[in-house]
Structures are given as C-alpha cells and as structure tokens.
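Take a look at the structure set out below.
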Amino acid sequence: MDDDADGSESTKREREDALRQLAARQQGLMSRKQVSAIGIKPDAIAYRLKSGAWQLAYPNVYRMAGTAPTWEGDLLAAQLWGGPGTVISHESAGALFGLDGVPQGVVAITSRRSVAPEGITLHRSGNLRRWEHGLLHPFNVTGIVRTLFDLGSVLAPAQLAVAFEDALRRDDERFELLRRRLDQSGLRGRPAVQALAQLVHSRDPGAAVAGSAPEVFLERLIVSAGLPPPVRQFEVKIGGKTYRIDFSYPSIKLAIEFDGFTWHWGRKKWRYDLARSNQLMLLGWRVLHVTWDDLVNHPDKVVAQIREALGM
C-alpha cells in the first residue's frame, strides 16, 4: 500500500496539503500524533518510512526526506517526542538565547518522560513553574532566569560566570530577579543552585557588568590568584570624552585592557581601544594589555605582570 486506501482523491489531496503545511511550520518535522490527527493511517506511516519519504528523527517523530538535519531541528524533534509540557532547557535554552559561554549542540529538554532516546539529554523537574517558560517560536523554552539556575548544574563555573554576566548585560533588572528567586525557600540547599548562588551573593550589586566573555575569564583569573579585585569599566574623562577601562586600580592609575580583534567587534573598535590606551598613558596611567592567547596559554605570566604592577 502506497497510501491510505480509503477516502476520495480530494480528501487525499487535503491530507497531503495539511502534511506539507505542518512540515513547513516545523522544519520538516511531524509527530505520529500530529499526522494521525490529519488522517494518515499506521500502514501509510510505515510505508512512507520504508520508502524513504520520511525518516525517523526520534521514536514517533518523523522528518520529511530532503530536510537537512540541524541543531534547531533536533531541538524541535525532541520537543515533539516529549509531548505536552516538554520544555527546552539547560544548555539548549542558553544556546537558543545566545548566552555567552553556553555551547550550541546539546539537545536538552525538561519533560515528564522517564527515558530518552539517544541524542536527547532528559531532565525532570518537579518545580518548573508555568511562568518560568514560554514560547520562543517554535520552541517552548525556559526563560533566562530559570535557564541560569539550570545551567548551574551542567556548566563549569567559568562558563556559568560568562553566561551570568551576559544575562545581566541584556537586562539590568535581572540581578534583582535572581536575588529574589534565590531567597525562595524551595531553592535553598539545592546543590544545582549553589554555583549560581555563589555568583549572585559574591557580586557587588553596584558593580558594572563585564563587557565580554574574555573579561569575565580575566577577572576570575585575577581574583583566583589572590590579587585585589579590580574595578570594572572605570570611567575616565579625556578631552571632553568619557572612556571606560576594562579593569583598573584607580588609586594607583593601573589599567588592564583586554585586546582582541574578534572580541572587540572589528577593526574600527580595535583602533579606538589603541587610541584610548595612548590617551590614558599621557595622563599618567600604566596600561597592561592582555590577549586571548595570554589568557588561555600564559595565565601565570598575566598574573605575574599584574602582581608586579601592583607592587605585591
């Protein structure tokens, strides 16, 4: 049998049109429940799979032939597999929002299901509240605040710190939301929350937000080495203009700048940063420059230079 035996030709055409429209809305993906609701019978589903017209993405989730697999498509397929109440969460939610430090590629969901097929990281939660997730079409995804809590259980501390600062850069009210959420009794003592709680409780509410992911790594390196915490984004007025220094010790006029063509958004910004450094030095500031290569491959040298500049 190559398709449904019953029904008129016009009915079959209506079903095919409905299938195409469904696939178009869902990146070529369809669940068994959805195609059954359209009127496609089990033997017709089996035939389409056998003939290669459809491919099995996950159990009871199908991908139309010719649809290139993508990470976003895999996320949607996982959501369809999970069924009602399934939410894209953890690394997948962080990557959908584009948070710094969160790798793309993980397919992670929070669902009522108990066992997941290969390729899906399944989380179960008894305290995911309705207002903590919403539609980021076509995904049902945890909001950024809830995502940060979930990331505390799956990311390394440095990666979490980068995502945390990125979230604060996007909304200056988010820090207070995180503090209030941490104070709720249902979260106290949960191991997965401790990493985020440490970031929130150790942070000066009035401190400027780090300007980029490498700046977060640089600050963590300085503090972990036992050096005094620097001031973030300190403002200096030069010739009627206000310049911001990545990190500084203003009392001794020591500036620490991260240099990176990619991280500073292009050649124009890179040249601007060099000109700013020259102006600072003319005002008596000492400027230390740190590159991504320094951070990754020579962290001890970075620490030694800052320690020497501080006279420690």
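The values are calculated or read from the model by the stated rules, or taken from the named source; none is laboratory data. The shown structure was predicted, so the numbers you read here are calculated from the model rather than taken from an experiment. Positions of Cβ are generated from backbone atoms using ideal geometry, with glycine treated the same way; all protein chains shown enter the neighbour counts. Each accessible area value is taken on the protein alone, full model and side chains, heavy atoms only, with ligands, DNA and RNA left out. Shrake-Rupley method; radii C 1.70, N 1.55, O 1.52, S 1.80 Å.
Values computed for the structure shown
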| item | result |
| --- | --- |
| Stretchable slack from Arg180 to Gln305, in nm (0.36 nm times residue separation minus alpha-carbon distance) | 41.1 nm |
| Under 10 Å, Cβ to Cβ, from Val236 - net charge with Lys/Arg +1 and Asp/Glu -1 | +4 |
| Among Ile109, Leu148, Phe234 - extreme Cα towards positive end, dipole of the chain, charges at beta-carbon | Phe234 |
| Inter-label distance, nm, simple model (7 Å from Cα along the C-beta direction), Lys12/Thr242 | 7.1 |
| Charged-residue dipole, Cβ positions (Lys, Arg, Asp, Glu), region 45-197 about Cα centre, Debye nearest 20 | 660 |
| Electrostatic dipole magnitude of the chain [Cβ: Lys, Arg +1; Asp, Glu -1; Cα centre; debye, to 20] | 580 |
| Amide H contacts of Thr121 (H built 1.01 Å from N, under 5 Å, at least 5 apart or other chain) | Val107, Ala108, Ile109 |
| R0 of 35 Å, Cβ-Cβ distance Arg113-Arg169: FRET efficiency to nearest 0.05 | 0.50 |
| For Cα extents along the principal axes in Å, calculated from these coordinates, the label among (i) 130, 53, 32; (ii) 71, 51, 38; (iii) 87, 47, 35 | (iii) |
| Additional length obtainable on full extension of the chain from Ser51 to Arg25, 0.36 nm per residue less Cα span | 7.0 nm |
| Kyte-Doolittle mean at least -1.0, axial Cα span of 15 Å or more - DSSP H helices of the chain | 71-82, 157-170, 191-202, 213-224, 299-310 |
| Accessible surface, 1.4 Å probe, highest first, among residues His137, His90, His123 | His137, His123, His90 |
| Charge-dipole axis of the chain as Lys and Arg at +1 and Asp and Glu at -1 on Cβ define it, positive-most pick from Gln305, Leu218, Ala208 | Ala208 |
| Full-stretch length increase - Lys253, Arg220 - with 0.36 nm per residue and alpha-carbon distance subtracted | 9.8 nm |
